[in-house]
Amino acid sequence: MNCPVLAFCSISALDRPLAAAAVMARAAGCEALEVTARPPHLDPEAGVAAAREAGRAVRAEGLEVVAYGSYLGRFGILGEE
């Protein structure tokens, strides 16, 4: 069984880019980030490629992504996988 991790929701840092929010979360002792599906972090209309890039940006700062904003689900509507 995996232990819970301390995570930060990026909605609390919409005043900075996603990578900077990840740096802030890591500095505060967090191990993971919930990526908010709201610009500038992730536009919910942007598609799967943008979500993957957001994940790469967070992981590059040493954190894991625990979730994407629950209001993301439009990728199927946009015709993307």
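Checking the condition modelled with pLDDT under 95 and among the charged types (D, E, K, R), which residue from 52, 56 passes? Before the answer, list the steps.
Numbers: 56 fails: modelled with pLDDT under 95.
Answer to the selection: 52.
List every residue pair whose Cβ atoms sit under 6 Å apart, with the two residues 6 or more apart in sequence or on different chains, where the first one lies in segment 1-12 and is in contact (Cβ under 8 Å) with a residue 24 or more places away in the chain and the second, anywhere, is in a loop (DSSP other than H, G, I, E, B).
Going by the 6 Å Cβ cut-off, the qualifying pairs are 5/31; 6/30; 6/31; 7/30; 8/30; 10/36; 10/41; 11/36.
Can you pull out every residue in segment 2-20 that is assigned to a helix (DSSP H, G or I) and closer than 13 Å to residue 69 by Cβ?
Listed by number, the residues that qualify are 10, 11, 12, 18.
Of everything in segment 21-37, what is open to solvent by 40 Å² or more (accessible area, probe 1.4 Å) and outside any loop (DSSP other than H, G, I, E, B)? Give them in sequence order.
Within segment 21-37, 23, 24, 26, 27, 34 qualify.
In segment 38-64, what residues are more than 14 Å from residue 21 (Cβ to Cβ), assigned to a loop (DSSP other than H, G, I, E, B) and open to solvent by 80 Å² or more (accessible area, probe 1.4 Å)?
45
The values are calculated or read from the model by the stated rules, or taken from the named source; none is laboratory data. These numbers come from a predicted model, not from an experiment. Neighbour counts run over all protein chains shown; Cβ positions are idealised from the backbone, glycine included. Calculation scope for accessible area: heavy atoms of the full protein, side chains included, ligands and nucleic acids excluded. Shrake-Rupley method; radii C 1.70, N 1.55, O 1.52, S 1.80 Å.
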